[in-house]
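J.: Next up is a structure, given as structure tokens.
Quick note: the coordinates plus some simple rules give every number you see, no bench work behind them. This structure is a prediction, so every number in the text was calculated from the model and none was measured. Virtual Cβ from ideal backbone geometry, glycine too; neighbours counted across all protein chains shown.
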Amino acid sequence: MAAMPVTHDSTPELSTVWLGVFLEVARHGSFTVAARALGWTQSAVSRQIASLEAGLGGEPLFDRLPRGVRLTEAGRSLVPYAETVVATLHQARRELGALREAAAGRLRFGAFATADAALVPHALALFRARRPGVHVSREEGFTPALLDRLTAGHLDLAVVSTTGRAPLESYELHHLLDEPLYVAVAADHPLAGRRGPVPLGRFADADWISGSARPEGTLLEAALRQGFRPRVTHVVGEWTAKQGYVAAGLGVALVPALAAASVRPDVRLLRVTDEGAPARAVYAATVRGRPPAPAVAAFLGALREATRRIPG
């Protein structure tokens, strides 16, 4: 690649507009066709090229032919530099436009219920402080339903977990945390005062309180991995109601770390020994191959920052 001409301080400063016009003329081989493509007059295009040539020390960039123009050696040398400058400027404009959209625009996200207990509120507070102009809408649901909404284009992002046997392979997954589990017991339970983790197998003979009679696809699937099938004696959906059953001594329940901060004072939490893989991982999911909304990156940052406030 030939060297660029050296200019002196008295030479006019080069304009990116001149370079853009230069590339159009070089592309079409004609001032007239370039002017038509740009929506300018031919004389305006000629003035831009003349200004660029003057800015480069007066070196002609085109040979003027009876029909059209042809790049000179200096013009051919300038083409790659002009393309780099113009492309860089276009990229800068795109990034600045994305920043402007992220400062306004919209964010539509969903989350599973226990993520709404601590993680999402902290992240949303951080996000609103930094992007007050973004219109935010939120949905709550189970992971499979949230992923369906994400695929259909109704959500920009979904906070999901590996609980529930949802297929995650077709999504872009942004790991947030591996969530430890606790066993919730009544305050007068024999193990209530225990310090340190407890093997889940210690509760193989306990009565369990769960949101489903079957452990498959729920947090209690962790018991199956530890070699026992939990005896679910009370099916209770709401977390606050589960705590009431636990406090009354009617059974024990599994509690994810995301819900640990909201435990009532007459319930004790025992950390479950991490035997093998964590009970569940939590992700922010976006659709693979689909350009995310500009505000998504900012919200992802807020989610990652909020994970540091989660117990365990």
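J.: Fewest Cβ neighbours within 10 Å first, please rank 31, 142 accordingly. Display every interim value, and only then the final one.
T.: On the way: 31 24, 142 17.
Fewest-to-most ranking of 31, 142: 142, 31.
J.: Sticking with this structure for a sec: Taking R0 as 25 Å, what's the FRET efficiency between residue 168 and residue 241 from their Cβ-Cβ distance, rounded to 0.05? Show your work: numbers first, answer last.
T.: Numbers: r = 29 Å, r/R0 = 1.18.
It comes out at approximately 0.25.
J.: Need one number: nm distance between label points at residue 81 and residue 213, each 7 Å from Cα along Cα→Cβ, rounded to one decimal.
T.: Placing both labels 7 Å beyond Cα along the Cβ direction yields 8.0 nm.
J.: With the Cα gyration tensor of the range 158-312 giving a ≥ b ≥ c as the square roots of its eigenvalues, does the rule (a/c under 1.5 for rounded; else a/b larger than b/c for prolate; else oblate) give rounded, prolate or oblate?
T.: prolate
J.: May I ask you to list the trypsin sites (Lys or Arg not before Pro) in the range 194-254 that are in a DSSP loop and have at most 14 other Cβ atoms within 10 Å of their Cβ? Don't skip to the end; give the middle numbers.
T.: Numbers: sites: 194, 195, 202, 225, 231, 242; in loops: 194, 195.
Counting only loop positions with at most 14 other Cβ atoms within 10 Å, the trypsin sites (Lys or Arg not before Pro) in the range 194-254 are 194, 195.
J.: Evaluate the distance, in nm, between pseudo-label points positioned 7 Å from the Cα of residue 65 and of residue 229 along their respective Cα→Cβ axes.
T.: Those two pseudo-labels are separated by 8.5 nm.
J.: Sort 250, 147 so that the residue with the fewest other Cβ atoms within 10 Å of its own Cβ comes first and the one with the most comes last. List each step's numbers first, then the result.
T.: Details: 250 16, 147 23.
By the 10 Å Cβ count, ascending, the order reads 250, 147.
J.: May I pose another question? Of 41, 162, how do they rank once you tally other Cβ atoms within 10 Å and put the fewest first? Let's see the in-between values first.
T.: Working: 41 13, 162 18.
Listing 41, 162 from fewest to most nearby Cβ atoms yields 41, 162.
J.: Once you keep just the Cα pairs under 8 angstrom separated by 6 or more residues, what percentage relative contact order results for the chain? Show your work: numbers first, answer last.
T.: Values: 508 pairs, mean separation 65.7, N = 312.
Relative contact order here is 21 percent.
J.: Still on this structure, I have one more. Rounded to the nearest 20 Debye, what is the dipole magnitude of the chain about its Cα centre when Lys and Arg each give +1 and Asp and Glu each give -1 at the C-beta? The partial results should precede the final answer.
T.: Details: 35 positive and 29 negative charges, 79 e Å.
Dipole of the chain, to the nearest 20 debye: 380 debye.
J.: How are the alpha carbon pair distances in the range 16-102 distributed across 5 Å bins from zero to the largest one, expressed in percent?
T.: Reading the bins upward from 0: 3, 15, 23, 23, 16, 9, 6, 4, 2, 0, 0.
J.: Can you pull out the GluC sites (Glu not before Pro) in the range 125-205 whose DSSP state is coil and whose Cβ has at most 15 other Cβ atoms within 10 Å? Walk me through the intermediate numbers first.
T.: On the way: sites: 139, 140, 169, 172; in loops: 169.
Those that pass, being in a loop and sparsely packed, are 169.
J.: Starting from the Cα gyration tensor of the range 181-271, multiply each eigenvalue by 5, take the square root, and state the resulting semi-axes largest first in whole Å. Numbers along the way, then the final one.
T.: Values: eigenvalues 62, 46, 30 Å².
In descending order, the three semi-axes are 18, 15, 12 Å.
J.: Then there's this: The list (i) 178; (ii) 131; (iii) 202 gives values of volume of the Cα convex hull per residue in Å³, and only one came from this structure; which label was calculated from it?
T.: (iii)
J.: Return the percentage of antiparallel bridges among DSSP beta bridges fully within the chain, rounded to the nearest 5 %. Walk me through the numbers on the way to the answer.
T.: Numbers: 24 of 39 bridges.
If we restrict to bridges inside the chain, about 60 percent are antiparallel.
J.: In the neighborhood of residue 242, defined by Cβ-to-Cβ distances under 15 Å, what is the net charge if each Lys or Arg adds +1 and each Asp or Glu adds -1? Kindly include the intermediate steps, with their values, before the conclusion.
T.: Numbers: positive: 264, 268; negative: 207, 238, 266.
Local net charge: -1.
J.: What does the charge add up to near residue 205, with Lys and Arg as +1, Asp and Glu as -1, over the other residues with Cβ less than 13 Å from its Cβ? List each step's numbers first, then the result.
T.: Details: positive: 202, 229, 231; negative: 207.
That works out to +2.
J.: Then there's this: For residue 181, what residues show an amide H to amide H distance below 5 Å, using hydrogens built from the backbone and excluding near sequence neighbours?
T.: 272, 279
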